[in-house]
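The values are calculated or read from the model by the stated rules, or taken from the named source; none is laboratory data. None of these values were measured; they are calculated from a predicted model. Note: ideal-geometry Cβ built from the backbone for every residue, glycine included; neighbour counts use all protein chains shown. Ligands, DNA and RNA are excluded from the accessible area calculation, which covers all protein heavy atoms including side chains. Shrake-Rupley method; radii C 1.70, N 1.55, O 1.52, S 1.80 Å.
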Amino acid sequence: MPKYTLNINKTSYDVEVAAGTSLLWVLREDLGLTGAKYGCGIGQCGACTVHVDKQPIKACLLPIEQFTAGQEITTIEGLSEDGDHPVQKAWIEAQAPQCGYCHSGQIMQAVALLEQNEHPTRDEIKAHMNGNLCRCGTYLRILTAIEMAAKTKAPTF
Amino acid sequence: MAKDLTMTNKINRRAFLKTSGGVTLFIGASGVLPVLVSCQDDKKIRAQLKKVPITAWVQLWEDGQMIIYNPAAEMGQGSMTSLPIIFAEEMDADWSKVQVEFSPQEADIYGGEGWAPGTKLMFTVGSRTTHSYYHVMRKAGAQARYVLLNTAANHWKVPIEELNAAQSFVIHEKSGQKISFGELVPVLTMPTALPDFTEDQLKNPKDFQLIGKNIPRTEIPAKVNGTAQFAIDVRLPDMVYGALERGKLHGARPTLLNESEILAHAGVMKIVQFDYAIGLIASTLKGVLDAKKLLKIDWSTATSSGYHSQEIYSEYEAIAAKKSQGAVITEIGNMGEALRSAHKTYTADFKNDYVYHAQIEPLNAVIQVSEDLQTAEVWVGSQQGGDTKLGVPGVLGVPPENVNVHLQYLGGGFGRRSMTDFVVECAILAKEIAPLPLKLVWTREDDVAYGAYRPLSLQRLKATVDARGQLTGLSHTVIGDGGNLVASGVKNDHYDIPNQLADWRETTHGIRLKHWRSVGHGPNKFAIESLLDTIAFDQSVDPVALRRTLMAQSPKALATLEKAVAMSRWDVPSIDGRAKGVAFVEHGSIGTGICEISLDRATGTINVHHFWIALDAGVIIQPDNVKAQMEGGIIMGMSSVLKEQITIVDGQVQQSNFHDYSLLRMQEVPDSIETAFIPSSEKPEGVGETATPMVAGAIANAFLQLTGKHLRHLPFTPDRVLAVLNN
């Protein structure tokens, strides 16, 4: 099987997997970075959202061979040292998750928004987050958490 | 603490399990010590001790840190916090020193109140967790407190009656002495008997320190840093992967046409034949899913062959028109007489398409069967507890104690994870490949097509009124498959209607069905609440005024109505283009919901702007969490009411993933969902399923106010809304 070198959360990983394996399966099954979740496999739910060079992408759709140029991949595990990224703190403050399964993806999607737009309007937040499904129905608390995080004007954004 | 405690239960020294620096208090669920009291069979606790050296309800260390065990599944409803809070409240524990872990899956030790009196159950369904564990956890917490008080009494040589506890300290006011729970660990002594605390010997709700406060949920930090472990996240050395192709025709039998091609596919280790599926085992997840796509299968016909879900309603209407009754669910007074003597009769049919659970974590499990096939370790997110060991013992032909279940967080339950079909499948595959551990993953497509849906149903309602316009009778006929799955929620305990008759008329189509959040309450409350507004609209009466009259005998229900009316400023007309609608629901707890909507008449899209809920759920353990349950219940209700639909053509499920089974998304949420509680000191009632059934009725009733037209077929998709508008 072919070998690939990936730059994930500022660490270099060598993996040996079949060509065509999605980044999501590599993260989860080969590297044990299980924060990104499988929900649909067709980019409809956003549970697998990670960052590639700071852009939010759906890891279920991308085959591993696309990551040959040393792109920086960031997963929820690499977002902060102690789960204390301003967005994560806001998420706890708002008590946003219920089952929590979709929330790694929700947080990664939200962080990407605030990195590009420090003070989004509610409509901008809704549009940016529209690709991330939550079956428990925590959307209003996600909105609250993002608005809280935006107010902190943290330097990390 | 009340006097005259009955000393019923004998204790022995095994009550404490000393571990390095700590001690476990074995305070049993309904007695004192599981090993002596709660268990019919004390071998269970001995085995449990052997496996997990620290177990029971609470473990205490010398530094005062403690672990409280949660016996219920955590699927987002907050059991990981609410049940330990109840325990800590009666123990007078300092919450900042509490950690929470799942209890072992042993119902005999950790079960709550079962369906029948005196039985025990670990089964996180029907919104029963807080209700069924309330007394169990209070009593166990009080007993833990008693052990500590007794120890301090011995230590200080003072009567136990002179002691009190607060914030993890035992206090002797008379002498001004104070000692922390942790400091008592080295000198812990066990009383010869423990009181069997009854309700009136526990705290008065007005003295609660933890219950009723907004305490952050214990598992949320793990859910925002990626470390919360769901079953699908479990990885074990040498783990292999399983998948099944189950087709789209429920019950069809497969014949595999290309076995040798599949076996030659990279990584495929085994093909396993099921009655209803072809199972595959491969060394990688990609390998097993790729091979699954290559399967060539000839499917037999099945019961559902020839069944067209969207054409069945005319047949249901014919069944509804039959004179012969179905199974009577409830009968009050004489409905026949009410119909004969009615001044006016209102009749309407309500239709409900199939809906799917759509929990975002697809079904999965990890099982390792031992080489001799005699034991198994199971990692799963399940609403079922330890009683059945999730069907795994049956697969292996071994006794339940040979199977160990490691409960993981559930990535959504909603009723789907009360089934064990996916666990049994995993066990069958794991047995084939023992002793290698196997992870079974359902793809989203599997999860949709082989779902177990809320049944399609038709409700025919007839209401009678007298010459003054007062409601005299309500006849409610439910047609559909699945018994209680379609029939729950037809009773009107809080409406004073003298003559009522509800019956269920059975159909069967071979489609897999299961409890879906709120079960029959969704369709049946939709029908009842809509018909009430039909009457109010016809009589030019305020829908709230009509309900006030009906609730005259139920002050609790009326209180929720009045509160919701006040919150929503019902009496103030909405701005142009908007209207409000009301619906009342009982599902353990009772509540009134009011929504405000607008309508895009060009596209048929309904926009919900606000939802107000007034809820009476007895004692509220965690107010913010109950609000979260209301918010989630409304959003899931809106999703199902406005968008969700499984359709069947010639027996084949037509939807496959989230592109054709639409869930409510962020851009469709209301501006606000506000919840208020009616103060109460009564036993907590379930809150997980009370909000969802409000949604259809409230929206349909607001739509009636806005347009004068009736929405009577769920979901209210834009095409259906347009059809109603243009009719």
Helical contribution to [θ] at 222 nm, DSSP H n ≥ 4, -39,500 (n - 2.57), averaged over the protein assembly as shown, rounded to 500: -8500 deg cm²/dmol
Contact order normalised by residue count of segment A:3-76, Cα under 8 Å, 6+ apart, percent: 38
Chain B, relative contact order in percent, only Cα pairs under 8 angstrom and at least six apart counted: 13
Value in Å of the Kirkwood radius, where the protein assembly as shown supplies the Cα pairs that are averaged: 29.0
Threshold 20 Å², segment B:231-253 residues less accessible with all protein chains present than alone (1.4 Å probe): B:I232, B:D233, B:R235, B:Y241
Restricting segment B:329-436 to GluC sites (Glu not before Pro) in coil, as DSSP defines it, with at most 10 other Cβ within 10 Å: B:E371
Cα-centre dipole for segment A:3-76 with unit charges at Cβ (Lys and Arg positive, Asp and Glu negative), debye to 20: 240
Sites matching trypsin sites (Lys or Arg not before Pro) across segment B:287-336 that sit in DSSP coil, with at most 12 neighbouring C-beta atoms within 10 Å: B:K296, B:K322, B:K323
Mean projected area (nm²) of the alpha-carbon convex hull when segment A:3-76 is viewed from all directions: 4.2
Protein-protein interface of segment A:88-114, residues with accessible area decrease of at least 30 Å², isolated chain reference, 1.4 Å probe: A:I92, A:Q95, A:P97, A:Q98, A:C99, A:Y101
Long-range HN-HN contacts of A:R135 with modeled amide H, under 5 Å: B:I360
FRET efficiency, 1/(1 + (r/R0)^6) with R0 51 Å, evaluated for B:Q553 and B:D207 via beta carbons: 0.95
List of segment B:62-93 residues, accessible area with partners at least 20 Å² below that of the chain alone (1.4 Å probe): B:G76
Considering only the protein assembly as shown, percent of DSSP beta bridges that pair antiparallel, nearest 5: 75
Modelled FRET efficiency - R0 22 Å, B:S96 with B:A222, Cβ distances, 0.05 increments: 0.80
Between segment B:131-154 and segment B:468-547, the Cα center-to-center distance that results, in Å: 44
In segment A:91-157, the trypsin sites (Lys or Arg not before Pro) that fall in loop regions by DSSP, at most 11 other Cβ within 10 Å: A:K153
For B:E74, residues with placed amide H under 5 Å, excluding near neighbours: B:L410
Potential lengthening between B:T189 and B:D660 on full extension [0.36 nm per residue; Cα-Cα distance subtracted]: 163.2 nm
Gain in span if fully extended, A:Q55 to A:E147, counting 0.36 nm per residue against the direct Cα distance: 31.1 nm
Carbon and sulfur %, accessible surface of the protein assembly as shown computed with the full protein complex present, 1.4 Å: 49
Amide proton proximity set for B:I329, modelled H, under 5 Å, gap of 5+: B:A502, B:D503, B:W504
J(HN,Hα) series, segment B:557-566, from Karplus relation 6.51 cos²θ - 1.76 cosθ + 1.60, nearest Hz, glycine and proline x: 5, 4, 4, 5, 5, 5, 5, 5, 4, 5
For segment A:86-152: accessible area per residue (Å², 1.4 Å): 29
Virtual spin-label span in nm between B:N726 and B:T707, 7 Å along Cα→Cβ: 1.2
Cα shape, chain B, gyration tensor, a/c 1.5 rule: oblate
Per residue, in Å², the accessible surface of segment A:3-76 once ligands and nucleic acids are set aside, probe 1.4 Å: 38
A:E81 paired with B:T301, simple spin-label distance in nm, labels 7 Å along Cα-to-beta-carbon: 6.9
Solvent-accessible surface (1.4 angstrom probe) belonging to B:M137, in square angstrom, nearest 10: 0
Calculated from backbone phi, Karplus (6.51, -1.76, 1.60) coupling profile of segment A:52-67 in Hz, x at Gly/Pro: 10, 6, 6, 8, x, 9, 9, 5, 6, 9, 9, x, 4, 5, 6, 9
Solvent-accessible area buried by A and B, counting both chains, probe 1.4 angstrom, square angstrom: 4600
Where labels lie 7 Å past Cα in the beta-carbon direction, separation of A:D14 and B:T345 in nm: 8.2
Between segment A:79-138 and segment B:276-339, the Cα center-to-center distance that results, in Å: 38
Nearest-0.05 FRET efficiency for B:A676 and B:E161, computed from C-beta distance (R0 41 Å): 0.50
HN-Hα J in Hz across segment B:65-71 - Karplus 6.51, -1.76, 1.60, θ = phi - 60°, x for Gly and Pro: 5, 9, 10, 10, 9, 9, x
Solvent exposure of segment B:192-237 as accessible area per residue, Å², 1.4 Å probe: 45
Relative contact order %, segment A:27-156, counting alpha carbon pairs below 8 Å whose residues are six or more apart: 28
